[in-house]
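Below: one structure, written as C-alpha cells.
The values are calculated or read from the model by the stated rules, or taken from the named source; none is laboratory data. Just so you know, these numbers come straight off a predicted model, no measurement behind them. Cβ atoms come from the backbone with ideal geometry, glycine included; neighbour counts cover every protein chain shown. To get the accessible areas, we keep the full protein, side chains included, count just its heavy atoms, and leave off ligands, DNA and RNA. Shrake-Rupley method; radii C 1.70, N 1.55, O 1.52, S 1.80 Å.
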Amino acid sequence: MSHVKIAVFPVAGLGTRFLPATKSIPKEMLPVVDRPLIEYAVEEARAAGIEEFVFVTSASKRAIEDHFGAAPELERQLRTARKTAALDAVSRSRLPEGSSTFLRQDNPRGLGHAVSLAARLVGDRPFAVLLPDDVIDAPGGCLRQMVAAHAETGGHMVATMTVDREATRAYGVLDVTERAGRIFHARGLVEKPAPEAAPSREAVVGRYILDPAIFRRLATLRPGAGGEIQLTDAISADCENLPVSGFGFDGARYDCGSVAGYLEANLAFALSRPELTGGTLDMMARHLARHQTRGAA
Ligand code: G1P
C-alpha cells in the first residue's frame, strides 16, 4: 500500500522548443509512438498507487483535460465496429471520474510557483510531483521505486541520475553527504549550477515526493535562477529541518523537453513494442546505411 496518494503534474509550459507543432496543441499531447507524452507520467503515477491527479495548466491546454475524460461517442463507435484494441486504449487512458483537478497557472513564475498552487488540494499529506517532459522507462515505474524508498527516508525525495559535469548547468544538482545504495543523502541542492560550481554530478530528474512543509517554504521564497520561483531552492532550504535525499532510480530517462530527447523516446519505445521492433530496426539500419554512404561520398 502506497502512503503517497496525490500527485501534481505541472503542465503550464508553452512548449516553445516544439513550435510550430505546439502552436495550437499542448506539448504534453505530442505522441511518443501512439500515446501522448502526458499519459506516460500519469500511467507511472497510477502504477505507484496515486489516486488523485492535480494538473497545473495554462491557456490552450484543454486537450489534456479531454484526453483523461470519457469519450462516449468515440467509445460507442469503436464498440460497434468491434475495434477492441483501440477501445481498450481509449478506455485505459480515462481517469476515474472525480479523481482529477485542473488548476490554472496564469503567470509563468516557475516550477515552485506551479507546485505551490496545489497547496489547498494536497493539504497536510506527502505528495508526488511528476514533470511529464521527463519520460522514464523503469521496472515498475520510477515513482513506484521512489515510494518504496521514501517509506524509509520520509522528508523530501527527488529522483536523480549521474550526469557529465558539463551537463550540470541544465539541472538541479545535489550536494551529497553520504550514499547508501540508491539513496543519496543531501545537505542542499543548487539549481542549474555552472559545472565548476556544481556540488556533485547527481542531477535532479522530474520526479519528486515532497513533505507538505514545502508549501510554507514556497510561500516565502524569493525568485532564484532565471528569475523564477524554483522548487529546487525550496527543497534545499528545507534541508535544515527535514531529511532530503536523492534516489538513483533503476531505469532510462528521456528528456522530451528537447527535440532530440523526444525523438530518442520515440525510437526506444517503438523498439520495446514487439509488433514494432523488427520494422523499427530495419528502418534504423536503412537510415544508418544511407547516412554513412552520404558521409563517405
Ligand atoms: C526542471 C528543474 C530541474 C530539474 C529538471 C529535470 O528544470 O527545475 O531542477 O533538474 O527539471 O528535468 P527544467 O528542465 O524545467 O528547466
Scan segment 222-238 and tell me whether some residue there is more than 16 Å from the ligand (Cβ to nearest atom) and surrounded by 15 or more Cβ atoms within 10 Å (Cβ to Cβ).
no
Evaluation of residue 142 against (1) over 30 Å from residue 249 (Cα atoms); (2) in contact with a Gly (Cβ under 7 Å, 6 or more places away or on another chain) (one fails), failing number
(1)
Can you find a residue that is of a type in the set (Ser, Thr, Tyr) and touching a Phe, Trp or Tyr at 6+ places or on another chain (Cβ under 6 Å) anywhere in segment 81-91?
no
Looking at (1) more than 14 Å from the ligand (Cβ to nearest atom); (2) at positive phi, which is the only condition residue 264 fails?
(2)
Go through (1) in contact (Cβ under 8 Å) with a residue 40 or more places away in the chain; (2) of a type outside the set (Gly, Ala, Ser); (3) touching a Gly at 6+ places or on another chain (Cβ under 8 Å) and name the single condition residue 94 misses.
(1)
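Table: residues versus (1) open to solvent by less than 80 Å² (accessible area, probe 1.4 Å); (2) more than 12 Å from residue 135 (Cβ to Cβ); (3) not acidic (Asp, Glu).
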site	(1), (2), (3)
245	yes, yes, yes
249	yes, yes, yes
257	yes, no, yes
266	yes, no, yes
273	yes, yes, yes
277	yes, yes, yes
285	yes, yes, yes
290	no, yes, yes
Being part of a strand (DSSP E or B), farther than 14 Å from residue 7 by Cα and open to solvent by 40 Å² or more (accessible area, probe 1.4 Å) is the requirement here; does residue 187 meet it?
yes
Extreme residue, nearest to the chain's Cα centre (by Cα), among residues of segment 208-220 that are buried (at least 19 other Cβ atoms within 10 Å of the Cβ) and more than 10 Å from the ligand (Cβ to nearest atom):
209
Across (1) within 24 Å of residue 209 (Cα to Cα); (2) at pLDDT 95 or above, residue 224 clears everything bar (2)
For the condition more than 9 Å from the ligand (Cβ to nearest atom) and not in a strand (DSSP E or B), what is the one hit in 168, 177?
168
Could we say that residue 205 is open to solvent by less than 10 Å² (accessible area, probe 1.4 Å) and either at positive phi or within 14 Å of the ligand (Cβ to nearest atom) (or both) here?
yes
Please count how many residues of segment 241-297 are over 16 Å from residue 37 (Cβ atoms) and either in a helix (DSSP H, G or I) or without any contact (Cβ under 8 Å) to a residue 24 or more places away in the chain (or both).
25
Quick check on my filter: what residues within segment 31-47 are over 16 Å from residue 64 (Cβ atoms) and aliphatic (A, V, I, L, M)?
33, 47
Enumerate the helices (runs of 4 or more DSSP H) found wholly within segment 69-154, keeping only those where 2 or more residues are open to solvent by less than 50 Å² (accessible area, probe 1.4 Å), within 21 Å of residue 55 (Cα to Cα) and out of contact with any helix residue (DSSP H, G or I) (no Cβ under 9 Å at 6 or more places or on another chain).
142-153
